Amino acid sequence: MSFQESQLEVSEPIDPKITPTGLIAGQSPTQLALGRFRRDRLSMISFWIVVFYFLAGIVSPILVKVGVSKPLANDQKLLNIDLGGVPNGAWGGTSWHHLLGVEPRTGTDFLSRLSYGITFSLTIAISATIVAVVIGVVLGIISGFSGGWVDAIIGRFIDMTLSFPQTLMLLALSATGVALFAKILPGDTSDAIPNGVYEVLVLGLFGWPSIARLIRGQVLSIREREFIDAARLSGASRRRIYFKEILPNLWAPVLVQFTLIMPAYVSAEAALSFLGVGIPVPTPTLGNILGDSVNFSGSDFSYFFYPALLLAIIVVSFNLLGDGLRDALDPKGDR
Amino acid sequence: MFAYVVRRCFTGVIMLIVMSFVTYFLFFASPIDPGRFACGKSCPPALIKQTDKALGFDKPWPVQWKDFAIGVVKGRDYPEDPALRKSAPELISHCPAPCLGYSQVNLINVTTELKDKIPISVSLALVAFVMWIIGGISLGAVAALTKGSIIDRGVVGTSLVFYAFPTFWMGLFLIEFPAIKWGLVQVPSYTSIADGGVWGWLSNLFLPGLTLALFYMAGYVRITRAFVLESMSEDYLRTAKAKGLAPRKILFKHTMRAALTPIVTLAGLDLAGLLGGAIITEQVFNFNGLGKLAVDSTQTFDLPTVVGLVLLLAAFVIVANIIVDILYAVIDPRVRVG
C-alpha cells in the first residue's frame, strides 16, 4: 500500500482531557480502544445482550436449586392429549405462570427449560472454545516463533485437520468416544457428562487450526521486534519467551477469535443435537430443545419459533460483539 | 507453473495417504466390532467371526490399511481369507480399482455406493453455490455502494440474521410454511434430469438450495462489502474516475476485482465442503445423497462406508485447495507461484 499523506495527518481522534494543571493527559491504547468501543452503539447493545446471556446462564441453575424454575417438572393437565400432547391455549399455552408457554408432550414450563438450556449450551460452547483457543494459540506461537521444520510440520498438520470432514468425524466417532468417556467419567453413555465431554473435545480438536494460522501470522511479526531480541540475549528460556513475552501481545486477536468462535459452537451444539449425537434429554440444552422443537413446526408454532429466535439472537450478538471488538482494538480503527 | 501444480498434487496425494492411515487407526483400532454389525444383534459368535474373516476385519489395523491401499490402486477380491475362498469359490466377488472397501451393511461396494450418491449432492451444492454467489456478491456490492445508509444496514443485518438461524430449523421452516401452508413451492424430493427434465430437477432443488444459500451468503456479503469499500479509497480508483470511466465500468473492472481473490478462496473451500454432501440439509429434505449416507452409515456402524466418505470428502477439500491456489495466479498477476 502506498504511504499516503493523509495517513500521516489523521491519527487518533484528539480527545484531550485537560487535567487541573492544564496539561493534556495521554491515553493508553487500551483506553483508546475502550473509547472507540463505547462510541459504537451496535457493539454496546450486543455487549449487553451477551452479558445478559451469561447472567442467565449463571442464574438459572440457582433458580432451579431454589425451586423457582422447574425445568424437569411434568404437568400433563396443561396438554391436549387428543392433539398429540400439544399445549392447551394460544401461543403454546402462554399464561402468567408460564410466560413462554409449556413444552408439548411433557407440559414443562418452557421458560425454565430455555434458561436452564442456556446454562448447558454456554458451558459446552465456552469449554470447546477454550480447548480450541488454547491448542491454537500454543501451536500458533510455537509454529510462528520456531520456523523451519517445526513450522512446516505444524503447517501440514493444520492442513490435514482442516481437510477432515468435521461433522462426519464427530458423528462417526461418537459411539466409541462416548463409550470411552463413560468408562472414565461418572454416568453411562446416555448421561449428559460423557456426551458433553466428548462433544467439547471433538469440537475443540477440530476447531483450533484456523486460530493457529492466525496466531502464527501475528507471531511472525512479533518475533522480529526488539524486546524479543532482548529477551533472547538475556538468556530467557523458550517457554518464557512464548508465554511471558509473546503471549501478552496476542490478547487482542485471541479475544476477537474467542467471541467469533463461541457462537459457531452454540450453533454446532444445536446441529449435533439435531443429528442425534448431542446431550440427551432430559438435560435441557438449546440444541436438544431445538432438535425437538422442529417436530412441532406445524402444530405448535411458539415452541418451534422461540428457541430458534433465542439462538439467532445469541449468534448475532456474539458476532456483532466480535466485529465491534476487532474494530475497536485495531489501532487504525478511526481511519 | 507446471512444476508447481505437480508438486501440489504430489503433496496432496501424500496427505491423503496419511489421512487414510489416521482414519484407519481411529476407526479400526476402536472397540467396535464391524462384523457384529454386519449380521445384526442376535448373531451367533461363529457367524461374526466368519464375517470378520471374509471382509478381513480379523487382521490388525495396519494390515487392513495395507489391504485397503492396495485395493484403491489395484482393486481386490472378497473374501480375503484363502480358506474361505477354497470352500466357496462361487462367492468370490471382485471389487475393481479404485476399491474403497465393501459395505457389509448395504451389501455393495463402497465405490459404487458413493458413485450413486454423488450426483445428488453435487446438484444440491451447485444450485446452492450459484444462489449464494450471485446473492452474496451483488448484495455485498450494493451494501458497499450505499455505505452507512439504511439499505446497507438492512442488507448486512438481514444476511447475518439468516446466518444465525440454524440450518436445519431454516430448512424445516421453509418446508412447513412456504411449501406446505402457503403452497408457494412444492415440497422438494430429488428428481434427476433424466427423470424430470431440467425444470423438474431445478425446481426440486430450489428450497434445499435456498436453505444452504441463506446460511452461506452472509460471509460473501461481508467480504464483498469490505473489499469493495477498501478498494474505493485506492489511488487507482481515483485515477479511473478522473479519466472519466463510466461508473459501471469502474465498478466491474476495478472495484470488484479487488474482492475477487478473497471470494475465490472462500468459495473454493465452501463448495468443496458441500460437494461431499450437506449432511444436515440432506437429512432435513430427505435427499438421498452423500450427507444422508454419512448419517445412516454412522448409525449402522458401516465403517467401510464411513472411511470411504471421509477420504472422498478430504480429497474434495485438498483438490479445491490446489485449484484455489492456481486460480490466484490467474486472477492476480502479482501472485507468483513456484
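Do you know which of the residues in region A:294-309 that are within 11 Å of chain B (Cβ to nearest Cβ) and not in a helix (DSSP H, G or I) is surrounded by the fewest Cβ atoms within 10 Å (Cβ to Cβ)?
Initial filter on region A:294-309 (within 11 Å of chain B (Cβ to nearest Cβ)): A:294-299, A:301, A:304-305, A:307-309.
Pick out the ones that are also not in a helix (DSSP H, G or I) and you get A:297-299.
Values: A:Ser297: 19, A:Gly298: 13, A:Ser299: 15.
Within region A:294-309, the match that is surrounded by the fewest Cβ atoms within 10 Å (Cβ to Cβ) is A:Gly298.
Of the residues B:Phe227, B:Phe252, which is modelled with pLDDT under 85 and either surrounded by fewer than 23 Cβ atoms within 10 Å (Cβ to Cβ) or not acidic (Asp, Glu) (or both)?
Working: B:Phe227 fails: modelled with pLDDT under 85.
Just one listed residue meets the conditions, B:Phe252.
Can you report the number of residues in region B:115-142 which are within 14 Å of chain A (Cβ to nearest Cβ) and among the small types (Gly, Ala, Ser)? Walk me through how you get there before you give the answer.
If we filter region B:115-142 for residues that are within 14 Å of chain A (Cβ to nearest Cβ), which is where we start, we get B:117, B:121, B:125.
Among the residues that remain, those that are also among the small types (Gly, Ala, Ser) are: B:121, B:125.
Looking only at that region, the number is 2.
When only residues in region A:162-196 that are in contact with a Leu (Cβ under 6 Å, 6 or more places away or on another chain) and more than 13 Å from chain B (Cβ to nearest Cβ) count, which is farthest from B:Phe28 (Cα to Cα)?
A:Ile193
Here are A:Gly287, A:Gly291, A:Gly276: which of them is within 14 Å of chain B (Cβ to nearest Cβ) and on the phi > 0 side of the Ramachandran plot?
On the way: A:Gly287 fails: on the phi > 0 side of the Ramachandran plot; A:Gly291 fails: on the phi > 0 side of the Ramachandran plot.
Selected residue: A:Gly276, the only one of A:Gly287, A:Gly291, A:Gly276 that is within 14 Å of chain B (Cβ to nearest Cβ) and on the phi > 0 side of the Ramachandran plot.
Going by the structure shown, is B:Val264 within 8 Å of chain A (Cβ to nearest Cβ), crowded, with 17+ Cβ neighbours inside 10 Å and at pLDDT 85 or above? Can you show your working first?
Values: within 8 Å of chain A (Cβ to nearest Cβ): no; crowded, with 17+ Cβ neighbours inside 10 Å: yes; at pLDDT 85 or above: yes.
Spelling it out, it is not the case that B:Val264 is within 8 Å of chain A (Cβ to nearest Cβ), crowded, with 17+ Cβ neighbours inside 10 Å and at pLDDT 85 or above.
Which of the residues that make up region B:299-328 are facing another protein chain (nearest Cβ under 8 Å) and at pLDDT 85 or above?
Once the filter is applied, which keeps residues that are facing another protein chain (nearest Cβ under 8 Å) and at pLDDT 85 or above, region B:299-328 yields B:Val306, B:Leu309, B:Val310, B:Leu313, B:Ala314, B:Val317, B:Ile318, B:Asn321.
When A:Thr259 is evaluated against the numbered criteria (1) under 30 Å from B:Phe165 (Cα atoms); (2) touching a Ser or Thr at 6+ places or on another chain (Cβ under 6 Å); (3) more than 14 Å from chain B (Cβ to nearest Cβ), which criterion, by number, is the only one it fails?
(2)
Of these, A:Asp159, A:Asp151, which one is part of a helix (DSSP H, G or I), out of contact with any Leu (no Cβ under 7 Å at 6 or more places or on another chain) and away from every other protein chain (no Cβ under 14 Å)? Full working, then the answer.
Numbers: A:Asp159 fails: away from every other protein chain (no Cβ under 14 Å).
After applying the criteria, what remains is A:Asp151.
Output the number of the condition that A:Pro186 fails; it satisfies all remaining conditions of (1) under 23 Å from the mean Cα position of the chain (by Cα); (2) farther than 28 Å from B:Val317 by Cβ; (3) surrounded by fewer than 18 Cβ atoms within 10 Å (Cβ to Cβ).
Against the list (1) under 23 Å from the mean Cα position of the chain (by Cα); (2) farther than 28 Å from B:Val317 by Cβ; (3) surrounded by fewer than 18 Cβ atoms within 10 Å (Cβ to Cβ), A:Pro186 comes up short only on (1).
Test B:Thr239 against the stated conditions and say whether it is out of contact with any helix residue (DSSP H, G or I) (no Cβ under 8 Å at 6 or more places or on another chain), assigned by TED's automatic domain parsing to the domain that holds B:Ala226 and either among the hydroxyl-bearing types (Ser, Thr, Tyr) or buried (at least 21 other Cβ atoms within 10 Å of the Cβ) (or both).
Numbers: out of contact with any helix residue (DSSP H, G or I) (no Cβ under 8 Å at 6 or more places or on another chain): yes; assigned by TED's automatic domain parsing to the domain that holds B:Ala226: yes; either among the hydroxyl-bearing types (Ser, Thr, Tyr) or buried (at least 21 other Cβ atoms within 10 Å of the Cβ) (or both): yes.
The answer is yes for B:Thr239.
What about A:Ala328, is it touching a residue at least 24 places away in the same chain (Cβ under 8 Å), crowded, with 19+ Cβ neighbours inside 10 Å and of a type outside the set (Ser, Thr, Tyr)?
Against the criterion (touching a residue at least 24 places away in the same chain (Cβ under 8 Å), crowded, with 19+ Cβ neighbours inside 10 Å and of a type outside the set (Ser, Thr, Tyr)), A:Ala328 qualifies.
Only residues that are more than 8 Å from chain A (Cβ to nearest Cβ) and surrounded by fewer than 24 Cβ atoms within 10 Å (Cβ to Cβ): list them for region B:285-298, please.
Those that are more than 8 Å from chain A (Cβ to nearest Cβ) and surrounded by fewer than 24 Cβ atoms within 10 Å (Cβ to Cβ): B:Asn286, B:Asn288, B:Lys292, B:Asp296.
The values are calculated or read from the model by the stated rules, or taken from the named source; none is laboratory data. No experiment lies behind these values; they were computed from the predicted model shown. Don't worry about glycine lacking a Cβ; one is built from the backbone with ideal geometry, like all the others, and counts go over all protein chains shown.
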